[in-house]
Amino acid sequence: MSQVAERRSVILVVEDEASYQDALSVGLSVEGFDVIGATNIAEARHLMNTRSPDLVLLDVMLPDGSGVDYCRELRASSPTPVIMVSARSSELDVVLGLEIGAADYVTKPFRLRELVARIRAVLRRPTSETDDEVVNFGDLRLDLMRRTLTKRGREITLSRKEFDLLALLATRLGQVVTRETCLDTLWWGLELSDSRTLDTHVKRLRQKIEDDPATPVHLHTIRGVGFRLDL
Ligand code: CA
């Protein structure tokens, strides 16, 4: 019997803690990945050149430098996606405060199942992403091609209409979009007088994207006119 072997994705794990390196090596292999390990940035650079992995799991604190700096270096030189791994949420705050271009983030300790789900999600993303298809505002990142919204790296689930409304406002960032335009674009044929459904969607979007929905910093209502999305 002939079998077509599916190519296994190669994950480069850059991690100096032996316990994590071992656990990830075993755990990710069981999940169907080929794992190559580096315990410092110098080894990682070598493996990037010799093995061209499909994804890099990158610890923040490494013996010969900062994972944050190495992530920047990778972003400038390679399309390979990076998932940052931090030991503390305070480290993660630092990572998230910097625009280093990581595809996702996890904090130790993490569940293998959660990490695998994130790895698979990142590997599924198209690599030909251009800036035109992504709108960044605040901590939020709206990907118009993939129809996803992430906040500080975490995906936020939106209904189809919520996404379409946010996309409409995001492509006119900083400009007022009238209620009429929103209704015409999203709810063709709905009377302006019967537009409560629009307000319901705006309210739900605020609950999902704003830190404090009562005092929004991104999604503003311009009374009697429409809505404006700000950075
Ligand atoms: Ca470390």
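Assorted remarks:
- Any hit, segment 102-113, residues being in contact with a Cys (Cβ under 7 Å, 6 or more places away or on another chain) and modelled with pLDDT under 85: yes
- Which listed residue is in contact (Cβ under 8 Å) with a residue 24 or more places away in the chain, hydrophobic (A, V, I, L, M, F, W, C), touching a helix residue (DSSP H, G or I) at 6+ places or on another chain (Cβ under 8 Å) and assigned to a strand (DSSP E or B), from 142, 205, 158: 142
- Residue tally, condition charged (D, E, K, R) and open to solvent by less than 20 Å² (accessible area, probe 1.4 Å), over segment 71-92: 1
- Residue pairs whose Cβ atoms lie under 6 Å apart, sitting 6 or more positions apart in sequence or on different chains, and linking a residue in segment 115-134 that is modelled with pLDDT of 85 or more to a partner that is open to solvent by less than 50 Å² (accessible area, probe 1.4 Å) and part of a loop (DSSP other than H, G, I, E, B), are 122/81; 122/103; 123/9.
The values are calculated or read from the model by the stated rules, or taken from the named source; none is laboratory data. These numbers were taken from a predicted model, which means no experiment stands behind them. Quick reminder, even Gly has a Cβ in these numbers, built from the backbone with ideal geometry, and neighbours come from all protein chains shown. The area values use the complete protein model at the heavy-atom level, side chains included, leaving out ligands, DNA and RNA. Shrake-Rupley method; radii C 1.70, N 1.55, O 1.52, S 1.80 Å.
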